[in-house]
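Below is one structure; the comments refer to it alone.
Since every read-out is calculated from the coordinates, none of them should be taken as a lab result. These numbers were taken from a predicted model, which means no experiment stands behind them. Note: ideal-geometry Cβ built from the backbone for every residue, glycine included; neighbour counts use all protein chains shown.
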Amino acid sequence: MDSRVKDVADVRTAFLFDMVVDLEKPVSMGAGPFGRRILFGSAGGTFEGPRLRGDVLKGGGDWSLFRPDGTMLLDVRLTLRTDDGAAVYMTYGGRWVAPPPDAERVDPSEYYFRTNPLFETGDERYAWLNDVVCVGSGYLVEGGVAYRVSEVL
């Protein structure tokens, strides 16, 4: 083994919040050179955890790319509004590997749907979010999509 490799602590996480995003009717851009692009626009939603909670604002979305093998590549941008008025920009990529056709009825543990959220805000009360890397596990819900988001410690 390379002598520069060091033993570091395992990655640990802590629950940050649960989020439900209501979706608009999808807009297909058709099959392009990289796959089939579809916009899943945000119609709103909510998020709640021990340190922050509030609403997902309308107007964001997921500019998803479906590869020929069925895997969806996420490209999401959302605006969150905390219950005390802070605006937080949330962005994430991720993978939903070969989602089953009836994914709404399939247990989320049966498929791979993971994200890597990052945040940006100018509100001092939530400035700590600017330096946080997160991971999320996604699943379908009626009318949208939901995530459990955890901070990487």
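Quick one: if you stick a label point 7 Å off each Cα along the C-beta vector at Asp84 and Lys6, how many nm between them?
3.6 nm
Please list, ordered by chain and number, the residues whose modelled amide H lies under 5 Å from the amide H of Gly94; skip anything fewer than 5 residues away on the same chain.
Leu74
Quick one: Karplus J couplings for segment 131-141, per residue in order, coefficients 6.51, -1.76, 1.60, θ = phi - 60°, nearest Hz, x for Gly and Pro?
These are the phi-based 3J(HN,Hα) values: 10, 9, 10, 10, 10, x, 10, x, 7, 7, 10 Hz.
Rounded to whole Å and sorted largest first, what semi-axes of the equivalent ellipsoid does the C-alpha gyration tensor of segment 1-70 yield via the square root of 5 times each eigenvalue?
Values: eigenvalues 217, 134, 11 Å².
Semi-axes (√(5λ), whole Å): 33, 26, 7.
Which of the listed residues, Met72, Val21, Tyr89, is farthest toward the dipole's positive end in the chain, when Lys, Arg count +1 and Asp, Glu count -1 at the beta-carbon?
Among Met72, Val21, Tyr89, the one farthest towards the positive end of the dipole of the chain is Met72.
Which trypsin sites (Lys or Arg not before Pro) does segment 1-95 hold that lie in a coil by DSSP with at most 15 other beta carbons within 10 Å?
Filter output for segment 1-95: Arg4, Lys6, Arg12, Arg51, Lys58.
Given labels modelled 7 Å from the Cα in the Cβ direction, how far is it in nm from Ser137 to Arg51?
The two pseudo-label positions are separated by 2.1 nm.
Taking each pair of distinct Cα atoms in the chain once, what is the resulting Kirkwood hydrodynamic radius in Å?
16.5 Å
May I ask for the distance between the Cα centers of segment 114-153 and segment 41-103, given as a whole number of Å?
Taking the Cα centre of each part, segment 114-153 and segment 41-103 sit 9 Å apart.
Once the piece of chain linking Asp123 and Arg95 is laid out straight, how much longer is it, given 0.36 nm per residue of separation minus the C-alpha distance between them?
7.1 nm
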